[in-house]
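Asker: One structure coming up, written as structure tokens, with questions to follow.
Only the coordinates and a few stated rules stand behind these numbers; no lab work does. Not measured: the values here are computed from a predicted model. Counting neighbours? That spans all protein chains shown, and the Cβs are built from the backbone with ideal geometry, glycine included.
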Amino acid sequence: MDIDEFDVIVIGGSYAGLTAATQLARARRRVLVVDAGQRRNRYARHSHGFLGQDGREAAAIAADGRAQLMKYPTVRWVEGAATQAVAQDGGFRITLANGSAFQGRRLVLATGVVDQLPALPGLAERWGDTVFHCPYCHGYELEQGRIGVLATSALSMHHSLMLPDWGTVTLFLNGAFEPDAEQLDRLAQRGVTIERTPVRAISGRSTVELRDGRAVEMDGLFVVSRLYSGSPLADQLGCEMEEGPMGQYVRTDMVKASSVAGVYACGDAARATGNVALAVADGTMAGVGAHQSLIFGAFAAAA
């Protein structure tokens, strides 16, 4: 079977992958982008905080990026899920779910992450609409209204102490943890109300239904999700991982090189926290790093 060969294969066609591919295309390298169409922020209507794009539809930013990328003649785009990656013949062989295979001298993993939310009725249906994870992305639009924090662990203290800058905050502990005396004092200083009654469900716009029958109306809710890799490729290749507060991510150096020579990682797959602006910055570094490695040699990230 003939296998198409590329200078660099980019796995993931969202903000980080698009940016990495653009850097490589502008260096006139032959680039393949493999995209499964699972942008992490596909549930959000608008994107905020990205210079020059503030308030635009998230999907429109990604669509424009793809349209601009595809004007470069050395780029090919393939839709599908990359299910297997192996080091082979001085590069990497990528196999898709449909059986097609491609060979690349370098590999950029921009595979993103999957958010695992608490199993609470009505929560997932509102994800990206009135339930969020990033105050900087969505806090301003709540117009200094009523903001709820649904605790998942002690990490929810971070949200609870930040969000009073965006509105009036209630922390719904929901049995996830119990603040100690110092934490209670800090919450009090920030004006945070604490609700210990367990949560039964989320309804309406973002109403928190409690098990004692009360319904607490909120204008928006924030929750710390657990993050999981959006692809098995980093594990297959043996990339070293780091443990972040919300889950594992690929360990990289300053130019986004992983511990495996020739493999670069960027975006949410390669950082503890992220947003569109950070993904674009990461993609720039990964694209430049992969390109320069083709000239000067590929080096794995230092141990």
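Asker: Does anyone have the angle between helix 276-296 and the longest principal axis of the chain? Alpha-carbon axes, 0 to 90°, nearest 10?
Answerer: The answer is roughly 20 degrees.
Asker: Right, next: Tell me which residues come under 5 Å, amide H to amide H, from GLY247 once H is placed; ignore anything under 5 positions away on its chain.
Answerer: Here the answer is LEU227, since their amide H atoms fall under 5 Å of that of GLY247.
Asker: What residue among SER14, ILE94, VAL31 has its Cα farthest toward the positive end of the dipole of the chain, where the charges are +1 on Lys, Arg and -1 on Asp, Glu, each on the Cβ?
Answerer: Towards the positive end, the residue furthest out is VAL31.
Asker: Taking the Cβ-Cβ separation of ARG186 and ALA261 as r and a Förster radius of 35 Å, what is the calculated FRET efficiency to the nearest 0.05?
Answerer: E(calc), rounded to 0.05, equals 0.15.
Asker: Of CYS137, CYS266, how do they rank once you tally other Cβ atoms within 10 Å and put the fewest first?
Answerer: Ranking CYS137, CYS266 by Cβ neighbours within 10 Å, fewest first, gives CYS137, CYS266.
Asker: Please list, in chain and number order, the residues 5+ apart from VAL224 or on another chain whose amide H is under 5 Å from its amide H, with Hs placed from the backbone.
Answerer: Sorted by chain and number, the residues that satisfy this are THR152.
Asker: Something else now. Under a GNM of the chain (C-alpha, springs under 10 Å), which listed residue has the highest mean-square fluctuation: LEU210, LEU18, LEU51?
Answerer: With Cα springs under 10 Å in the chain, the top fluctuation among LEU210, LEU18, LEU51 is at LEU51.
Asker: Out of residues 5 or more away from MET241 or on other chains, whose amide H comes under 5 Å of its own, with H placed 1.01 Å from N in the peptide plane?
Answerer: Close amide H contacts, sequence-distant or interchain: ARG251.
Asker: Another question, then. Pull out a ≥ b ≥ c, the square roots of the eigenvalues of the alpha-carbon gyration tensor of the stretch 118-223, then state rounded if a/c is under 1.5, prolate if not and a/b is larger than b/c, and oblate in the remaining case.
Answerer: Oblate, since a/c reaches 1.5 and b/c is not below a/b.
Asker: Here is a follow-up. What is the dipole size for the chain, taken about its Cα centre, with +1 at each Lys and Arg Cβ and -1 at each Asp and Glu Cβ, in debye to the nearest 20?
Answerer: Value, rounded to 20: 700 debye.
Asker: If you split all Cα-Cα distances of the chain into 20 Å bins from zero, what percentages do you get per bin, shortest first?
Answerer: 33, 49, 18, 0
Asker: Using 0.36 nm per residue of separation minus the Cα-Cα distance, give me the extension gain between LYS71 and ASP235 in nm, one decimal.
Answerer: 55.7 nm
Asker: Continuing with this model, one more query. Round to a whole angstrom and tell me the spacing of the C-alpha centers of the stretch 235-295 and the stretch 105-147.
Answerer: 21 Å
Asker: For the stretch 51-129, what class follows from the C-alpha gyration tensor (a ≥ b ≥ c being the square roots of its eigenvalues): rounded when a/c is under 1.5, otherwise prolate if a/b is larger than b/c, else oblate?
Answerer: The shape class here is oblate.
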